[in-house]
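**Q** Before I ask anything, let me first share the structure, which is written out below as structure tokens.
The values are calculated or read from the model by the stated rules, or taken from the named source; none is laboratory data. Treat the numbers as computed from the prediction; the structure is a model and nothing was measured. Don't worry about glycine lacking a Cβ; one is built from the backbone with ideal geometry, like all the others, and counts go over all protein chains shown.
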Amino acid sequence: MKLKRLGWALVPALLLSVGSAHAQEAVTPDITFVFNTLLFLIMGMVVMFMACGFAMLEAGSVRSKNAASICLKNITLYAIASIMVWLIGYNVIYGVSEGGWIGTLAPWSADDTEALATGYAASSDWFFQMVFVATAASIVSGTLAERIRLWPFFLFTALLTGLIYPIQASWEWGGGWLDARYGFSDFAGSTLVHATGGWAALAGAIALGPRKGKYTTDGKIVTFHGSSMPLATLGVFILWLGWFGFNGGSQLALGSVDDAISVSNIFVNTNTAAAAGVITVVVLCTLLKGKIDLPMVLNGAIGGLVAITAEPLMPQIWQAALIGAVGGGLIFLATPLLEAARIDDVVGAIPAHLVCGIWGTIVVPFTNPEATFVGQGVGIVANAVFVFAISFVAWMLLKYTIGIRAAEADEDAGLDSSELGQPGYPEFTLNHPAPGLAE
């Protein structure tokens, strides 16, 4: 009786399988188009959710008196990126001639006249590329938190998302000179996205200076505790989830068995690298510090994710673990070095995105034989010189024209009060702050 029921249950599945096989033979281009488009749309939505992850990580990492301000920065920078990639960014990236340096300065519009030949809907690709640009801008906001004024930050974000990011991305993803001459390889953007955000953040941190009271005249480093470590942890979990879209979607196709297998392998390698980054920081903190530093552990996850982003497809799982573990180790080493240099990075974005982005890019030939250490090195240096130089000049121009830093009294009161006029946490007031949080 059970076998009979099982047999009848299998009939619909068998009919569906046969029908699907015949349909695939007849309309393979349509099916490929649909699956590729769905990959861009679904993975793009997952990457867009990383904006929430950055907002929660940064809101939990800043003091209570700056929580609403950092949330405003994150939602606004996403909106700015959306508009700038439409107006100029997309065509700067993909309008470049082969071996060229910059694409066309023109607004984007969807062109689906040769949709099946392209293999995906034009708007789905635009959306997927746009959320990557927004990610780079999110990196900058965390580093400069608690003392950067809103409008100078917004103006820089427009420059970053409209020109700085698109120009350097065109050199590789648009088929520009890095791709054509040096075979530079950066699968999902360890350098093109994360190091770009890291260099822009570093330039801004130098121009802006540290938060008031962070470094004392006698050389001591003062720890400013974030408003909510649970919120920051939630933010990292959201980013971890978003990275599956970030790396998995960068396969750029899901219309074949091989593509489906590749996306699946990318998921596993991405997850493994992040896990190895976390464990490495936990072990190093235990052995060398005696106590485990939660913010550093959170960045260990991000460092592992950033490191595997340059090549998440080719590594075997043990190689992904090794790449992520080194990323975690770099977080442990680079964070105190940055502090020693008196560069104030509120969320630790520079070690996580810049340092680990460079590591992930330079190690690509370890698993991808088509890449070379020379080509990777040229790409890293070109990205560093271009992004840091343009960013630093832009920050300095803003500094000496409209000003970029909040007034000392406003910084003391918190940017929620001075920039927004309303607190992120109403229960924490200036007169009765929670110890170690609002001060």
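**Q** If you go through the stretch 46-63 one residue at a time, how many are of a type in the set (Phe, Trp, Tyr), surrounded by 24 or more Cβ atoms within 10 Å (Cβ to Cβ) and more than 23 Å from Ser417 (Cα to Cα)?
**A** First, pick out the residues of the stretch 46-63 that are of a type in the set (Phe, Trp, Tyr): 49, 54.
If we keep only those that are surrounded by 24 or more Cβ atoms within 10 Å (Cβ to Cβ) as well, we get 54.
Then drop every residue that is not more than 23 Å from Ser417 (Cα to Cα), which leaves none.
Residues that pass the stated criteria total 0.
**Q** A further question follows. Return the residues of the stretch 151-180 that are among the aromatic types (Phe, Trp, Tyr) and either within 30 Å of Ala406 (Cβ to Cβ) or assigned to a helix (DSSP H, G or I) (or both); say none if nothing qualifies.
**A** First, the residues of the stretch 151-180 that are among the aromatic types (Phe, Trp, Tyr): 151, 153-154, 156, 165, 171, 173, 177.
Correct list: Trp151, Phe153, Phe154, Phe156, Tyr165, Trp177.
**Q** Within the stretch 350-373, which residues are of a type in the set (Val, Ile, Thr), part of a loop (DSSP other than H, G, I, E, B) and crowded, with 24+ Cβ neighbours inside 10 Å?
**A** Val363
**Q** If you don't mind, another one. Go through the stretch 396-416 residue by residue and tally those that are in a helix (DSSP H, G or I) and either closer than 17 Å to Leu159 by Cβ or modelled with pLDDT of 95 or more (or both).
**A** Going through the stretch 396-416 one residue at a time, the tally reaches 4.
**Q** Ok, one more. Within the bounds of the stretch 122-138, is there any residue that is crowded, with 21+ Cβ neighbours inside 10 Å, closer than 30 Å to Lys214 by Cα and either among the polar types (S, T, N, Q) or more than 22 Å from the chain's Cα centre (by Cα) (or both)?
**A** So far as the stretch 122-138 goes, yes, one or more of its residues are crowded, with 21+ Cβ neighbours inside 10 Å, closer than 30 Å to Lys214 by Cα and either among the polar types (S, T, N, Q) or more than 22 Å from the chain's Cα centre (by Cα) (or both).
**Q** A further question on this structure: Check the stretch 155-170 and report whether any residue there is over 17 Å from the mean Cα position of the chain (by Cα) and at positive phi.
**A** Looking for residues that are over 17 Å from the mean Cα position of the chain (by Cα) and at positive phi, one finds none in the stretch 155-170, hence no.
**Q** Kindly establish whether Ser185 is within 14 Å of the chain's Cα centre (by Cα) and either outside any loop (DSSP other than H, G, I, E, B) or surrounded by fewer than 24 Cβ atoms within 10 Å (Cβ to Cβ) (or both).
**A** No: the conditions fail for Ser185.
**Q** So in the stretch 393-427, with the set limited to residues that are among the hydrophobic types (A, V, I, L, M, F, W, C) and farther than 30 Å from Trp173 by Cβ, which one is surrounded by the fewest Cβ atoms within 10 Å (Cβ to Cβ)? Break it down stepwise before answering.
**A** Filtering the stretch 393-427 for residues among the hydrophobic types (A, V, I, L, M, F, W, C) gives 393-398, 402, 404, 406-407, 409, 413, 415, 420.
With the extra rule that they be farther than 30 Å from Trp173 by Cβ, the set shrinks to 402, 404, 406-407, 409, 413, 415, 420.
On the way: Ile402: 11, Ile404: 24, Ala406: 23, Ala407: 12, Ala409: 8, Ala413: 15, Leu415: 27, Leu420: 16.
This residue is Ala409.
**Q** Pairs only if they're at least six apart or on different chains, beta carbon under 6 angstrom, first in the stretch 64-80 and under 12 Å from Gln422 (Cα atoms) and modelled with pLDDT of 95 or more, second crowded, with 24+ Cβ neighbours inside 10 Å and β-branched (Val, Ile, Thr); list them, first residue then second.
**A** Filtered contacts from the stretch 64-80: no entries.
**Q** Got at least one residue in the stretch 383-392 being surrounded by 21 or more Cβ atoms within 10 Å (Cβ to Cβ) and more than 27 Å from Pro166 (Cα to Cα)?
**A** no
**Q** Please work out if Val236 is under 21 Å from the mean Cα position of the chain (by Cα) and under 30 Å from Arg147 (Cβ atoms).
**A** So Val236 passes the test.
**Q** Looking at Ile302, Ile261, Ile279, which is the one that is at negative phi, touching a Leu at 6+ places or on another chain (Cβ under 9 Å) and at pLDDT 95 or above?
**A** Being at negative phi, touching a Leu at 6+ places or on another chain (Cβ under 9 Å) and at pLDDT 95 or above holds for just one of Ile302, Ile261, Ile279, which is Ile302.
**Q** Another one. Out of the stretch 239-257, which residues are assigned to a helix (DSSP H, G or I) and either surrounded by fewer than 18 Cβ atoms within 10 Å (Cβ to Cβ) or touching a strand residue (DSSP E or B) at 6+ places or on another chain (Cβ under 9 Å) (or both)? Even if it seems obvious, please write down each step before you answer.
**A** Our first condition is that a residue be assigned to a helix (DSSP H, G or I); within the stretch 239-257, this holds for 239-251, 257.
Scanning the stretch 239-257 gives Leu241, Val257.
**Q** Among the residues of the stretch 279-320, what is the count of those that are surrounded by 24 or more Cβ atoms within 10 Å (Cβ to Cβ), among the hydrophobic types (A, V, I, L, M, F, W, C) and part of a helix (DSSP H, G or I)?
**A** So the answer is 9.
**Q** Moving on to the next point. Can Ser391 be described as free of Cβ contacts under 8 Å to residues at least 40 places away in the same chain and outside any loop (DSSP other than H, G, I, E, B)?
**A** No: the conditions fail for Ser391.
**Q** Next question, about the same structure. Under 6 Å between Cβ atoms, which residue pairs at least 6 apart in sequence (or on different chains) link something in the stretch 120-140 that is closer than 15 Å to Val34 by Cβ with a partner that is among the acidic types (Asp, Glu)?
**A** Ala122/Asp111; Ala122/Asp112
**Q** Another question, then. Restricting attention to the stretch 108-115, does a residue exist that is within 18 Å of Leu398 (Cβ to Cβ), over 17 Å from the mean Cα position of the chain (by Cα) and of a type in the set (Asp, Glu)?
**A** Checked against the condition, which is being within 18 Å of Leu398 (Cβ to Cβ), over 17 Å from the mean Cα position of the chain (by Cα) and of a type in the set (Asp, Glu), the stretch 108-115 yields no hits at all.
**Q** Find all pairs meeting these conditions: Cβ atoms under 7 angstrom apart; at least six residues apart or on different chains; first residue within the stretch 211-237 and more than 20 Å from Ile343 (Cβ to Cβ) and at pLDDT 90 or above; second residue part of a loop (DSSP other than H, G, I, E, B) and not basic (Lys, Arg).
**A** From residues that are more than 20 Å from Ile343 (Cβ to Cβ) and at pLDDT 90 or above, the pairs are Ser227/Val62; Ser227/Tyr425; Ser227/Leu437; Ala232/Gly226.
**Q** Okay, next question. Take the stretch 208-238 and flag every residue that is in a helix (DSSP H, G or I) and either touching a Lys or Arg at 6+ places or on another chain (Cβ under 6 Å) or more than 15 Å from Ala273 (Cα to Cα) (or both). Walk me through how you get there before you give the answer.
**A** So in the stretch 208-238, the residues in a helix (DSSP H, G or I) come out as 208, 229-238.
Matches in the stretch 208-238: Leu208, Met229, Pro230, Leu231, Ala232, Thr233, Leu234, Gly235, Ile238.
**Q** Can you tell me how many residues in the stretch 89-117 are in a helix (DSSP H, G or I), in contact (Cβ under 8 Å) with a residue 40 or more places away in the chain and exposed (fewer than 15 other Cβ atoms within 10 Å of the Cβ)?
**A** The first filter runs over the stretch 89-117 and keeps only residues in a helix (DSSP H, G or I), leaving 89-94, 115-117.
Those still in the list that are in contact (Cβ under 8 Å) with a residue 40 or more places away in the chain too: 89-90, 92-94, 115-116.
So of that shortlist, the ones also exposed (fewer than 15 other Cβ atoms within 10 Å of the Cβ) come out as 116.
So the answer is 1.
**Q** Residue pairs, Cβ under 9 Å, 6 or more apart or interchain, first in the stretch 31-42 and over 11 Å from Ala115 (Cβ atoms) and modelled with pLDDT of 95 or more, second β-branched (Val, Ile, Thr) and surrounded by 16 or more Cβ atoms within 10 Å (Cβ to Cβ). List them.
**A** Here the result reads Leu39/Val263, each pair linking the stretch 31-42 to a residue that is β-branched (Val, Ile, Thr) and surrounded by 16 or more Cβ atoms within 10 Å (Cβ to Cβ).
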